[in-house]
1. Taking 41 Å as R0, compute the FRET efficiency from the Cβ-Cβ separation of SER77 and MET36 and round it to 0.05.
2. Could you rank SER74, SER11 by how accessible they are, 1.4 Å probe, largest area first?
3. Can you sort ILE60, ILE29 by 1.4 Å-probe accessible area, starting with the largest?
4. Need one value: the accessible area of LEU27 in square angstrom, 1.4 angstrom probe, rounded to the nearest 10.
5. Taking amide H positions as placed in the peptide plane 1.01 Å from N, state which residues far from ILE7 in sequence (5 or more) or on other chains have amide H under 5 Å from it.
Amino acid sequence: MATVKRIGPGSAFKVGAALYAFLGLLLGIFFALVSMVGGALVPASQAGVFRMFFGVGAIIFLPIFYGVLGGILSAISALIYNLVAGWAGSKSILARLICVRVSG
């Protein structure tokens, strides 16, 4: 049984930023596809700004936005966890170590 005593905020920021940036990329692709279909339904005189902002912009903007926000919130969560774990004691988790023997 391993005991988690502290979570590094910098490490939590990196993991949270990568996780949420990937989520933002998936949502950006979905949002762009849906908005392209919606742009085809809008009259041509009004579709220019709609397609430009909601189309490819979502694939670029959402991963950056989600990544930064997710990283910051993960670091804040790690700081709060460290504070509460100091008061209440650290949490015990089950950790399994896998050893691989390479012959050669």
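1. Values: r = 35 Å, r/R0 = 0.86.
With a Förster radius of 41 Å, E is 0.70.
2. Sorted descending by solvent-accessible area, the residues read SER11, SER74.
3. Output order, biggest surface exposure first: ILE60, ILE29.
4. Rounded to the nearest 10, the figure is 70 Å².
5. Counting only residues 5 or more places away or on other chains, the set is ASN82.
The values are calculated or read from the model by the stated rules, or taken from the named source; none is laboratory data. Note that the structure is a prediction, hence the values are computed from the model and not measured. Reconstructed Cβ throughout: ideal geometry from the backbone, glycine too, with neighbour counts over all protein chains shown. The area values use the complete protein model at the heavy-atom level, side chains included, leaving out ligands, DNA and RNA. Shrake-Rupley method; radii C 1.70, N 1.55, O 1.52, S 1.80 Å.
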